[in-house]
Amino acid sequence: METHNEFNVESLPQKKWWDQRYVCEMNGFWTLPEFVPYTVRVLNEFKPLPSDVILASFPKTGTTWLKSLLPSIIWRSSKESSSLVNHHPHDLVRYLEFPGSPPWLSSSSPNGELISSSSSSGGNHHHDEEITDPTRRRIFATHLPYQHLENKLDANKPCRVVYITRNPKDTLVSMWHFVNKTKGPEEHDWQLEDAQNTFCSGIFPFGPYYDHVMGFKKASLEKPHNIFFITYEELMTDPIVHVKRLAEFLGCPFADDQEESVLEVEKIVKSCSFESMTSQEVNKSEDFTSWTPVAYNAFFRKGGIGDHKNYLDANTIKRIDALTREKFHAAGFMYGI
Ligand code: A3P
């Protein structure tokens with residue numbers, strides 16, 4: 001049953017996150033004060049359709065990558081892949097809870113002219129009866145934790161969720177770079193030591209990281225037909241295999257072993273690769289996204305596995321690994337070290 005959520009920024013616990021920036025706590029997770037009304041709007045008003053796809057992630061874990069892969073897999077067609085040339089992935093797939101007009105109320109289609117004429121069909125889940133026209137399927141993104149969305153995702157005929165996560169140490173280093181790249185000129189640098197403490201305390205936007213990941217991990221084990229859980233490292237190591245698995249899960253599989261579909265998968269993997277994406281003018285641009293004042297190019301930095309080794313000292317690695325053992329390994333999720 002739907003519950004009505006009332007949150008008032010002033011009444012929520014607030015803590016300083018860094019410099020003059022604050023986060024406030026909503027049911028065990030931290031968020032930016034300006035996001036509170038939009039989060040409440042999602043919780044009270046968003047009604048996912050069974051054919052919807054929601055990309056969920058903690059920040060800096062591979063969201064941008066999947067914002068290019070999911071439209072390419074779901075909509076396919078040459079028109080769609082060419083859209084990656086002209087459109088930043090964050091403009092292809094909008095966040096549910098970010099400031100601005102609700103993405104689920106867009107007039108024509110949530111993704112405007114980018115809806116393509118895919119011919120995909122298939123899959124054998126109960127969702128499929130709802131997908132009358134795959135080209136009209138809506139794709140949204142969210143950084144909200146599963147614990148906030150649980151009621152929405154537990155519907156009778158639930159939508160599909162794809163959750164990506166990433167090694168905590170690489171996530172931290174990516175986050176630290178991102179904040180320093182996107183901060184205002186008047187703001188102090190976010191020192192790496194502060195970033196480490198913040199990561200471990202969990203008090204920054206959408207944190208704690210560990211609770212965020214475990215919420216979706218557990219849900220994916222309980223509902224594997226509805227929640228697809230993947231790591232950045234898996235996707236990086238074997239993108240062809242995982243793009244095919246994603247397509248199966250999404251109900252639009254590639255035809256088995258047909259040369260044409262093998263080429264199609266390879267083309268999607270290549271066009272969404274870090275190398276290809278960073279060669280597009282739109283992704284090199286200092287222009288701002290339509291939904292927040294962050295330069296398009298800030299979402300691409302190095303794009304690899306293990307960069308934390310270049311930044312974190314042995315003590316910090318030890319500290320984060322201990323936390324990872326406590327939060328992930330003790331719960332049976334042997335990941336992140
Ligand atoms: P690094 O800072 O380690 O380079 P998010 O999209 O969730 O904000 O995550 C950003 C991270 O994903 C950054 O990591 C960014 O470089 C990387 N990234 C962006 N696009 C990518 C792609 N197509 N392939 C692999 N990594 C990508």
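The values are calculated or read from the model by the stated rules, or taken from the named source; none is laboratory data. Please read these numbers as outputs of a predicted model, since none were measured by experiment. No Cβ is skipped: glycine too gets one built from the backbone with ideal geometry, and neighbour counts run over all protein chains shown. With ligands, DNA and RNA removed, areas are computed over all heavy atoms of the protein, side chains included. Shrake-Rupley method; radii C 1.70, N 1.55, O 1.52, S 1.80 Å.
A dipole drawn for region 9-331 from +1 and -1 charges on Cβ atoms has a positive end, and of GLY28, ASN180, PHE204 the residue lying farthest that way is GLY28.
For region 191-243, a/c is not less than 1.5, where a ≥ b ≥ c are the root eigenvalues of the C-alpha gyration tensor, and a/b does not top b/c. That puts it in the oblate class.
For the chain, the mean residue ellipticity at 222 nm estimated from helices alone is -12000 deg cm²/dmol, where every DSSP H run of n ≥ 4 contributes -39500 (n - 2.57) and the total is divided by all residues, rounded to the nearest 500. Counting Lys +1, Arg +1, Asp -1, Glu -1, what net charge surrounds ASP256 among other residues with beta carbon under 12 Å of its beta carbon? Local charge sum for ASP256: -3. The Cα center of region 162-205 and the Cα center of region 250-315 differ in position by 20 Å. Extension gain for ARG136-ASN197 works out to 17.6 nm (0.36 nm per residue, less the C-alpha to C-alpha distance). Report for the chain the percent antiparallel among DSSP-assigned beta bridges with both residues inside it, nearest 5. Close to 35 percent.
So what is the relative contact order of the chain, in percent, for Cα pairs below 8 Å that sit 6 or more residues apart? This gives 23 percent for the chain. Note that the chain presents 45 Å² accessible area per residue, ligands and nucleic acids not counted, probe 1.4 Å.
Between the residues PHE328, SER271, LEU96, the greatest Cα displacement towards the positive end of the dipole of region 9-331, with unit charges on the Cβ of Lys, Arg, Asp and Glu, is found for PHE328. Please say if the chain is rounded, prolate or oblate, where rounded means a/c under 1.5 for a ≥ b ≥ c the square roots of the C-alpha gyration tensor eigenvalues, and otherwise the choice is prolate for a/b larger than b/c and oblate otherwise? Judged from the Cα gyration tensor, the chain comes out rounded (a/c under 1.5).
With the cut-off at 24 Å, tell me which of the pairs LYS60/LYS270; LYS183/LYS302; LYS152/LYS267; LYS284/LYS309; LYS67/LYS169 have Cα atoms farther apart than that. With Cα atoms farther than 24 Å apart: LYS152/LYS267; LYS284/LYS309.
Amide H contacts under 5 Å for VAL161: ILE54, ILE227, PHE228, restricted to partners 5 or more places along the chain or on a different chain, H placed in the peptide plane at 1.01 Å from N. Share of carbon and sulfur in the accessible area of region 9-331 stands at 50%, probe radius 1.4 Å.
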